[in-house]
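K.L.:
Here it is: the structure, laid out below.
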Amino acid sequence: MKKIILLVLILVVSWSLIVSDTFLVIQAREISEGNSKKPETSKWEYLKDRAFDESGNLNRGYNKPVLIQLNQNHTLKDSLIVKSFIEKLKVLIPSIKIGFELDKKINPPFHHIALGFSKNSFGSLNQFFIKRDLPDQTTIYRSRDGFITTSVRDKVSYRDFDFHEGISNQIRKMYIEYELYTAIFSTKSTAKPYNNLFPVTIFNDSEYSLDYGYGFLGEEDEFLLKKLYADDFESQLNNYLYNNYPWRYAYSFLNKDKIQFLAITIVTTIGILVFLLMFSFFQNRRFKYSYLSYLFPIFLIVLNYANLTWIYSYLTDFNSFIGWEENLQFGLVFSAVIGIIISLLLFGAEKLIVNSTINISFRLLLKILFTFITFNLPVLIILYLTTNENWAFTDLDFIEFYYPWLMLSVFLSLGRGLLIYLQQMSDNLVKEKDLELSQLKQVNAESEVKLLQSQINPHFLYNSLNSIASLAPIDTSKTQKMAYALSDLFKYTINRQGKKMSTVKDEVTMVKNYLEIEKIRFGDRLNFNIEVDKTLGTMEIPLCLIQPLVENAVKHGVSKNEGQGEIVLKIEKTSDGICIIISDNGPDFPEGLVSGHGLQTVYDLLRLTYGENASLNWQNTPEKSISINITQIS
């Protein structure tokens with residue numbers, strides 16, 4: 001019961017942890033919009049939007065040293081603009097390695113950016129161009145937007161600017177700095193098969209402005225560069241996200257590759273734990289109705305599968321809505337319907353087809369096959385009826401749902417086959433051990449019987465010899481008669497040495513000889529009567545079974561009686577066996593009998609020979625007697 005309670009707790013706790021009242025993407029969007037309006041968080045939101053692409057990958061746009069080179073027709077003013085840009089960039093990002101012209105401090109490989117001027121179509125030296133390497137680009141595109149032309153050829157990106165005659169030096173400076181920033185911090189190729197082929201940068205590149213202290217850079221861009229290239233950037237970003245967003249959004253944003261591994265690990269751990277609990281609970285458990293041994297485990301398996309699917313979806317799919325009521329209702333209904341269908345199919349198939357006449361190996365194979373079929377067929381039918389007309393395998397949602405179920409059914413089929421095989425092997429070993437133990441018990445019982453029977457003769461001999469010794473001085477005739485009777489008794493036991501069974505007739509003869517001996521000893525003080533059903537003469541009973549009880553009646557009954565002693569032996573046939581009764585008129589049995597050598601010997605003989613099918617009883621009323629009841633005697 002404790003295992004079922006723990007299993008239910010796992011399901012309830014996991015449900016309570018994964019429920020949500022809205023989609024996570026909506027929560028994240030609302031948080032982002034709210035933070036963008038706050039001065040203390042708006043810059044971090046700008047960084048998050050610009051430095052990460054749609055897939056959440058970080059693009060710094062700078063991964064190696066930069067060498068800026070002025071080519072043909074540049075002026076001193078252009079050289080000063082470039083040098084000023086480099087100094088400002090070094091202040092903004094101290095870790096950056098950037099050089100001008102053929103700087104000795106910058107060694108290959110480096111990011112090469114070339115600037116220069118050429119004559120335009122009118123022959124004026126006012127056409128500015130910038131080019132940079134594009135190692136992953138081979139296609140040529142060309143686009144023109146106003147006075148800016150972007151083109152790609154021979155893996156090199158070119159951007160031409162037609163400066164008009166009246167352009168100011170400040171605007172000229174802004175253009176040059178903007179293109180340098182763009183060339184250094186662009187995140188992907190500038191060439192795309194559509195118009196406006198501007199480089200995609202980590203900055204807000206929609207407008208040129210003179211309002212900022214760093215050319216086109218604003219405060220948010222400056223914050224972005226400082227944080228993005230700081231040594232503790234990841235630590236600061238972690239703190240911001242975990243302090244402002246739900247943990248699974250923050251963890252997923254920061255660990256794109258780890259979130260799925262985390263989900264798989266959690267789902268696998270819970271699945272294994274639930275499986276072990278179910279296995280330990282249902283193993284060797286027998287229900288009143290055998291169908292329930294199919295229904296309950298399958299219901300819990302399907303319910304647990306639905307639960308694991310929700311957990312995985314909760315951790316990896318932020319567009320999924322996981323509500324308590326919806327999950328609980330769907331999970332219970334779905335698990336009940338699927339569980340009933342699968343258990344009925346599996347139970348019916350195995351009862352109708354798999355029987356004990358089939359070879360064990362083939363029977364095992366059939367159970368594995370039936371398990372796989374019954375777990376897949378109902379699900380396929382239900383999903384087919386609830387999906388579109390184009391059939392399920394064209395539906396990505398179906399594949400995402402069914403593939404794990406398919407893997408689960410394979411695991412369950414093979415796992416069930418393995419468990420059945422191991423159970424069969426275990427049962428065979430237990431049967432072999434039981435047979436060996438039974439044989440050992442039989443051998444041990446036979447040894448004990450022989451030992452008990454060997455103990456009877458010395459005990460009786462001791463009493464008889466004492467009687468002969470006491471008679472010898474008194475009556476030699478009786479002594480001789482008693483010695484001959486004793487000799488006949490030992491002939492009986494010696495001739496049966498090594499045997500454990502005798503007939504009722506022989507046992508009664510032995511008792512008569514014994515009583516004759518005792519009558520010589522006690523004289524008229526002892527009378528005895530023997531009544532035996534003649535049909536029982538050939539029936540076998542343990543050797544020396546009756547004599548110890550008769551001896552006990554003489555020793556503790558007649559010998560204690562001052563008057564005449566009476567001993568009666570009756571052997572009767574009952575409806576299911578025989579009953580042996582020895583009665584005497586001596587003192588009553590004390591409470592808590594079954595002590596002493598004689599009675600204990602008989603009790604052990606009965607136990608070892610008949611087990612539960614024999615009993616030893618005694619009573620003081622209406623007459624003092626001790627009886628042996630033996631049943632199921634053939």
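Read-outs: derived from the displayed coordinates by stated rules, not from any lab. Just so it is clear, the structure is predicted and the values come from calculations on it, not from any experiment. Quick reminder, even Gly has a Cβ in these numbers, built from the backbone with ideal geometry, and neighbours come from all protein chains shown.
K.L.:
Just to verify a number: FRET efficiency for K512 and Q424, C-beta to C-beta distance, R0 = 51 Å, to 0.05?
P.N.:
Efficiency, from the Cβ-Cβ distance: 0.30.
K.L.:
Would you list I546, I578 from fewest to most Cβ contacts within 10 Å? Please report the intermediate quantities before stating the final value.
P.N.:
Numbers: I546 22, I578 19.
Least crowded to most crowded, the residues run I578, I546.
K.L.:
FRET efficiency for V13 and Y403, Cβ-Cβ distance as r, R0 = 35 Å, nearest 0.05? Intermediate results must be reported in sequence, preceding the final value.
P.N.:
Working: r = 27 Å, r/R0 = 0.77.
Here the calculated transfer efficiency is 0.80.
K.L.:
Something else: Per 0.36 nm of contour for each residue apart, how much would the distance between T268 and L414 grow if the chain were fully extended, relative to their Cα-Cα spacing?
P.N.:
That works out to 50.8 nm of additional length.
K.L.:
Still on this structure, I have one more. Arranged from highest to lowest average of other beta-carbon atoms within 10 Å per residue, in what order do the peptides 331-344, 286-299 appear?
P.N.:
Averaged packing, sorted descending, gives the order 331-344, 286-299.
K.L.:
Obtain the nm distance between the two label points defined at K570 and E432 by a simple spin-label model: each point lies 7 Å from its Cα along the Cα-to-C-beta direction.
P.N.:
5.3
K.L.:
Which order do the peptides 4-12, 548-556 come out in when sorted by mean C-beta neighbours inside 10 angstrom, highest first?
P.N.:
548-556, 4-12
K.L.:
Which entries in K519/K560; K64/K97; K570/K624; K288/K367; K519/K555; K88/K226 show an alpha-carbon gap greater than 19 Å?
P.N.:
Pairs exceeding 19 Å: K288/K367.
K.L.:
Which Rg and Dmax, in Å, describe the Cα atoms of segment 478-634?
P.N.:
15.3, 44
K.L.:
What distance in nm separates the two pseudo spin-label positions at K37 and N284, each 7 Å out from Cα along the beta-carbon direction?
P.N.:
6.7
K.L.:
Output the peptides 468-475, 79-86 sorted from most to least packed, where packing is the average of other Cβ atoms within 10 Å over each peptide's residues.
P.N.:
79-86, 468-475
K.L.:
Of E507, E612, how do they rank once you tally other Cβ atoms within 10 Å and put the fewest first? Let's see the in-between values first.
P.N.:
Values: E507 23, E612 8.
Ascending Cβ contact count within 10 Å gives the list E612, E507.
K.L.:
For F528, enumerate residues with amide H under 5 Å from its amide H, sequence gap 5+ or separate chain, H modeled in the peptide plane.
P.N.:
So F528 has HN proximity to I567.
K.L.:
So, one more: Given K3/K258; K43/K83; K512/K534, which pairs have Cα atoms separated by over 26 Å?
P.N.:
Exceeds cut-off: K3/K258; K43/K83.
K.L.:
What distance in nm separates the two pseudo spin-label positions at S615 and L440, each 7 Å out from Cα along the beta-carbon direction?
P.N.:
The answer from the label model is 3.2 nm.
K.L.:
For a quick check: sort D584, D78 by the number of other beta carbons within 10 angstrom, fewest at the front.
P.N.:
Starting with the residue having the fewest Cβ neighbours, the order is D78, D584.
K.L.:
I would also like to ask the following. As an exercise, take the mean of 1/r over every pair of distinct alpha carbons in segment 540-632, invert it, and state the Kirkwood radius in angstroms. Working shown, then result.
P.N.:
Values: mean 1/r = 0.0735 Å⁻¹.
One over the average 1/r among Cα pairs gives 13.6 Å for segment 540-632.
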